[in-house]
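Got a structure for you, written out below as structure tokens; questions coming shortly.
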Amino acid sequence: MVVRRPPGRRAQILAVAADRFHRSGYHQVSMTEVAAGVGITAPALYRHFRGKPELLDRAVRLGLDDLAVGLRGARTGEELGAVLAAVAVGHRPLGTLVQRDARLLPPARRAALRRELRADVALMTAVLTVERPELATEDAELLCWSALSACAGLSYQSAAPQPRRAEALLRELVAAVLAVPLDGTDTGPAAGPLRTPVPVPEPAPRARREELLAAAVRLFHQRGFDNVSTDQLGAAVGISGPSVYRHFDSKAQLLAASLVRSRDLLRHEVDGAIAAADGPRAALSAGLDAYVGFALRNGDYLGAMLSETERLPPPDRRAAVEFRRDFLRTWVGLVRQVRPDCDAVAARIRVHALFSLVNDGVRNRPHSARPDLGDCLLRLGRAVSGLS
């Protein structure tokens, strides 16, 4: 007897896998869990996909294929915005899968993914430079990458907003990003220089411990927690692998301590800048300035925070999540005061777009090497936060 598989079963599996990876993180999801979400057995799942890497690869490719098809038909900036918004809403997990989990793919597939994204940006750049011929190619590319990142921010919403409303606001944000001047001729409010961070007293513990914390953030961001050994951590600071255990009981404890250390720096610099400002608009502007400055100096932490929080033990993970919620709540409140037309949903979309484009901007080469990147990110941040 021939057993016929239900139509669209592969698509159903990919949708469940993408959602599980998005919510819990790639490492926390098993094939058995994906199978249960679809209503099939694990052996049946393996008849469709060979393992988790293929599931992740196909889930990412599914969203990127729709993005590429839409962009190939776009002829105006407005149409670009419509495509980006539709894909962000229709494939809501895509942002986290690309920004957080795709680095866990095999090297060849990671390289292919990067080529696909560069091809998408090339399509966008061709459209944008027709509408804005004054733009240098590198400026147009930065604006297009930033528009992609801003839309990817929707992935980090804890609850999905109403689709039509989310699409409308994302189209508005894409239009604002693509209109940002990067040639120094902005006639709007000046972005101003990046503020000097408030000095942070260095902690008393041993210098070697601090070196390990800094090396851990860098290596965990670049390679992933599971791909970094204690020997590599030790070598990064000039000690043997076993010597790491003189300072930390485990690699997990080192990860937790490194993220806490960086989180304290972020809180000190950004919350301090906001608290010292006079009024909501000044506070939002000062917070943006401080956040961009922090991101330029601490891109490894932002990457590790994004990708490795799921690897923390439960108490540390809860503390990290609570910090992010409190941090987000502060910014949402400021945006709503500066933009009274924004309700909580709209403000959250704006704030997530802001964080996403800044976090990507400082880590996305070759644009991350621009000497004027800080000023560019301030201009882009003002556009999506409502300050412009």
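Kindly report the accessible area of region 247-388 per residue (heavy atoms of protein chains, probe 1.4 Å, no ligands, DNA or RNA), in Å².
About 37 Å² of surface per residue is accessible.
If you take all C-alpha pairs in region 1-91, what percent of them are over 18 Å apart?
Taking all Cα-Cα pairs of region 1-91, the fraction more than 18 Å apart is 51 percent.
Would you mind checking the radius of gyration and Dmax of region 72-184 based on alpha-carbon positions, in Å?
14.3, 41
GNM, the chain, Cα, under 10 Å: largest mean-square fluctuation among 374, 333, 153?
Looking only at 374, 333, 153, the largest GNM fluctuation is found for 333.
Using the Cα gyration tensor of region 227-382, with a ≥ b ≥ c the square roots of its eigenvalues, what is the shape: rounded (a/c below 1.5), prolate (a/b larger than b/c) or oblate (neither)?
Judged from the Cα gyration tensor, region 227-382 comes out prolate (a/c at least 1.5, a/b above b/c).
Next question, about the same structure. Taking the convex hull of the Cα atoms, report for region 246-312 its projected area averaged over all directions, in nm².
Projected area, direction-averaged: 5.2 nm².
Which value at 222 nm does the chain reach when only helices count, each DSSP H run of 4 or more adding -39,500 (n - 2.57), with the total divided by all residues and rounded to the nearest 500 deg cm²/dmol?
-21000 deg cm²/dmol
Could you state, as a whole-number percent, how many of the C-alpha pairs of the chain are farther apart than 31 Å?
Counting pairs separated by more than 31 Å, the tail of P(r) holds 39 percent.
Another question about this same structure. What residue among 369, 273, 68 shows peak mean-square fluctuation when the chain is described by a Gaussian network model with Cα springs under 10 Å?
In the Gaussian network model the winner is 369.
Roughly how large, in nm² to one decimal, is the mean projection of the convex hull of the alpha-carbon atoms in region 111-154?
3.2 nm²
P(r) tail for region 321-366, what percent of Cα pairs lie past 18 Å?
Tail of P(r) above 18 Å: 35 percent of Cα pairs.
Within 10 Å, at most 11 other Cβ atoms, and a DSSP state outside H, G, I, E, B define an exposed site. Report the longest part of the chain free of exposed trypsin sites (Lys or Arg not before Pro).
Longest run free of exposed loop sites: 207-388.
Among 305, 31, 124, which one shows the biggest mean-square fluctuation in a GNM of the chain, springs joining Cα atoms closer than 10 Å?
Checking each option, the largest mean-square fluctuation is seen for 31.
Could I ask something else about it? Can you check what the net charge comes to around residue 386, using other residues whose Cβ is under 13 Å from the Cβ of residue 386 (Lys, Arg +1; Asp, Glu -1)?
Here the count lands on +3.
With the full set of protein chains in place, find how many percent of the accessible area of the chain is carbon and sulfur; take the probe as 1.4 Å.
54 percent
The values are calculated or read from the model by the stated rules, or taken from the named source; none is laboratory data. Note that the structure is predicted; figures quoted are calculated from it, not measured. Because the Cβ atoms are built from the backbone with ideal geometry, glycine has one as well, and the counts that use them run over all protein chains shown. Keep in mind that these areas ignore ligands, DNA and RNA; they rest on the heavy atoms of the full protein, side chains included. Shrake-Rupley method; radii C 1.70, N 1.55, O 1.52, S 1.80 Å.
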